[in-house]
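Data first, discussion second: the structure below is written as structure tokens.
What follows is calculated from the coordinates using simple rules that are stated; it is not laboratory data. Every value quoted in this text rests on a predicted model; they were computed, and no experiment measured them. Here the Cβ is made from the backbone with ideal geometry for all residues, glycine too, and neighbour counts use every protein chain on show.
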Amino acid sequence: MNGTVPRFGKVTRAVHWTTASLMISCIVTAAILYNGFGVAIGHRHLVELVHVYSGLALPVPILLGTLSAAYRLDLRRLNRFTRRDRQWLFSRNRRTGATFVHDWFALAVGLLVIGHITYAIRDREARRGMRTGRVSDSWARAEHEAWADEVVGSQHDDE
């Protein structure tokens, strides 16, 4: 072992950074629209279009990522989406209170993004994993022991 283990592949990192860029675009344009700056800068319609199309494009990198077997493996390892989540997402009443749901969802996403960035700032090794695709053995074992055992085991199988 050379002191590092693979964390995320190129496709997973590309999906992450593309989604992050779209999310930042949504947040910035939402702030402009919500605070009335769209009128002040004279391009409210353009800001609206960027906001809407960035939001609609959010699932695209994820869907394109599923074409990669390595990305699908990363998704299976994360295993965060439950049957209950799917039921909520495809409920019959999805149009009821769309503005209310959008605004609360946007607030929740904003808080999640802030939390995500805060944790990323605090964890240099996690940032390294998303940037380079590799993390140290010690970080992998300390933060994600079961995953580290799986990855180290598969590396020995390849030898």
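Between the amide H of Val135 and those of Val5, Arg7, distances stay under 5 Å, these residues lying 5 or more places away or on another chain, with hydrogens modeled in the peptide plane. Label sites at Phe37 and Arg77, each approximated as a point 7 angstrom past Cα along Cα to Cβ, lie 3.8 nm apart. The HN-Hα couplings worked out from phi for the range 44-58 by the Karplus form 6.51 cos²θ - 1.76 cosθ + 1.60 (θ = phi - 60°) are 4, 4, 5, 4, 4, 4, 4, 4, 5, 5, 5, x, 5, 7, 3 Hz, whole numbers, x standing for Gly and Pro. Start at zero, step by 5 Å, and the Cα-Cα distances of the range 7-80 spread as 3, 17, 21, 17, 12, 10, 9, 7, 4, 0 percent across the bins. The residue among Leu58, Ala30, Tyr71 whose Cα reaches farthest toward the positive pole of the charge dipole of the range 7-80, with charges on the beta-carbon of Lys, Arg, Asp and Glu, is Tyr71. Report note on the peptides 64-70, 47-53, 114-120: ranked by the mean count of other C-beta atoms within 10 Å, highest first, their order is 47-53, 64-70, 114-120.
Put a dot 7 Å past the Cα of Ala126, heading toward its Cβ, do the same for Thr99, and the two dots end up 3.6 nm apart. Across the range 126-133, computed HN-Hα scalar couplings (Karplus, 6.51 cos²θ - 1.76 cosθ + 1.60, θ = phi - 60°) run 5, 4, 4, x, 6, 7, 9, x Hz from first to last residue, x flagging Gly and Pro. The slack in the chain from Ser138 to Lys10, taken as 0.36 nm per residue of separation less the alpha-carbon distance, amounts to 43.9 nm. For the range 1-48, the percent of C-alpha pairs falling in each 10 Å distance bin, counted from 0 to the bin holding the largest distance, reads 24, 29, 20, 15, 8, 4.
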